[in-house]
Amino acid sequence: MDTQETIREIKKQFRLFMNGVVSQSMREKGLDYKLNFGIEVPRIKEIAAKFEKNHEVAQTLWKENIRECKIMAGLLQPVETFYPDIADIWVEDMRYPEMAELTVMNLFQYLPYASEKTFEWMAREEEYFQLCGYMLMARLLMNGGRLNERAENEFLDQALTAIVDSSALVRRSACTSLAKYAWQTKENAHKLAKILKTFDGSAYMEVLALKEDVKFAAE
């Protein structure tokens with residue numbers, strides 16, 4: 001099948017599993033896509049498994065303002081042809097946290113330049129670049145990634161600033177990445193616990209939860 005035939009077949013699969021109730025619920029919660037089939041993520045992954053990874057198909061799917069097409073794009077995009085400038089374009093196009101989370105999980109974490117993009121995106125001013133940066137950092141730490149001293153200091157500086165000065169979305173993501181860092185080693189947990197003492201006056205629930213998480217990690 002050529003690209004357009006594959007796209008038509010994918011959309012045909014989507015129509016078979018569309019869920020109007022879920023779609024309406026998402027729309028009411030602010031997910032205002034041109035089209036939303038309301039399909040659960042595990043089902044989208046099942047559909048994706050029927051197709052070969054293909055750069056042209058994935059790029060075409062991503063350009064559609066359709067929730068399931070964008071999720072599918074991250075599942076069908078080959079890593080080797082997903083260049084850094086394309087990654088930036090995708091992040092620029094993101095509007096909802098779900099898409100950031102799923103794209104980081106399904107594609108970004110496997111990129112050979114993931115660690116470089118993590119720091120680049122965390123330092124950006126735009127909300128979704130920061131969000132993807134911290135989500136990606138959390139994934140890399142979960143996968144056993146280790147930071148050298150310079151990278152560790154840069155990460156802590158960026159993340160600790162984010163939990164004070166950023167939006168709620170970025171703040172939650174930064175806190176998650178800090179928690180993953182703390183759970184890597186007791187040394188990390190003790191270091192972060194000491195730093196977080198300066199945040200005793202914070203009223204943010206995410207920061208309070210992070211402090212408790214770090215406390216357990218340090219014990």
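Scanning segment 187-218 for residues that are of a type in the set (Phe, Trp, Tyr) and over 25 Å from the mean Cα position of the chain (by Cα), which turns out modelled with the highest pLDDT?
Checking each candidate, the answer is Phe216.
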* Asked: Would it be correct to say that Ser177 is under 12 Å from the mean Cα position of the chain (by Cα) and touching a residue at least 24 places away in the same chain (Cβ under 8 Å)?
  -> yes
* Spot the failing condition for Ile7; the list is (1) surrounded by 14 or more Cβ atoms within 10 Å (Cβ to Cβ); (2) farther than 19 Å from Leu75 by Cα; (3) over 24 Å from the mean Cα position of the chain (by Cα), and only one is missed. => (2)
* Structure fact -> Scanning segment 1-55 for residues that are out of contact with any Gly (no Cβ under 8 Å at 6 or more places or on another chain), of a type outside the set (Gly, Ala, Ser) and modelled with pLDDT under 85 gives Met1, Arg27, Glu28, Lys29, Leu31, Asp32
* Residue count for segment 15-45, restricted to those that are surrounded by 12 or more Cβ atoms within 10 Å (Cβ to Cβ) and in contact with a strand residue (DSSP E or B) (Cβ under 8 Å, 6 or more places away or on another chain) -> 4
* Does segment 87-101 include one or more residues that are among the hydroxyl-bearing types (Ser, Thr, Tyr) and assigned to a helix (DSSP H, G or I)? -> no
* Asked: Has segment 186-194 got any residue that is surrounded by 14 or more Cβ atoms within 10 Å (Cβ to Cβ), assigned to a helix (DSSP H, G or I) and among the acidic types (Asp, Glu)?
  -> no
* Is at least one residue of segment 196-205 touching a Lys or Arg at 6+ places or on another chain (Cβ under 7 Å), under 22 Å from Glu127 (Cβ atoms), outside any helix (DSSP H, G or I) and open to solvent by 30 Å² or more (accessible area, probe 1.4 Å)? -> yes
* To do: Kindly establish whether Asn65 is touching a residue at least 12 places away in the same chain (Cβ under 8 Å), among the polar types (S, T, N, Q) and within 26 Å of Tyr134 (Cβ to Cβ).
  => yes
* Look at segment 143-163 and say how many of its residues are open to solvent by less than 70 Å² (accessible area, probe 1.4 Å) and not small (Gly, Ala, Ser). => 8
* Mind checking which residues of segment 78-99 are among the acidic types (Asp, Glu), surrounded by 15 or more Cβ atoms within 10 Å (Cβ to Cβ) and farther than 21 Å from Leu31 by Cβ? -> Asp88
* **Residue count, segment 46-60 (criterion: open to solvent by less than 80 Å² (accessible area, probe 1.4 Å) and over 20 Å from Ile89 (Cα atoms))** => 3
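The values are calculated or read from the model by the stated rules, or taken from the named source; none is laboratory data. The shown structure was predicted, so the numbers you read here are calculated from the model rather than taken from an experiment. Note that each Cβ is placed from the backbone with ideal geometry, even for glycine, and that neighbours are counted across all protein chains shown. Ligands, DNA and RNA are excluded from the accessible area calculation, which covers all protein heavy atoms including side chains. Shrake-Rupley method; radii C 1.70, N 1.55, O 1.52, S 1.80 Å.
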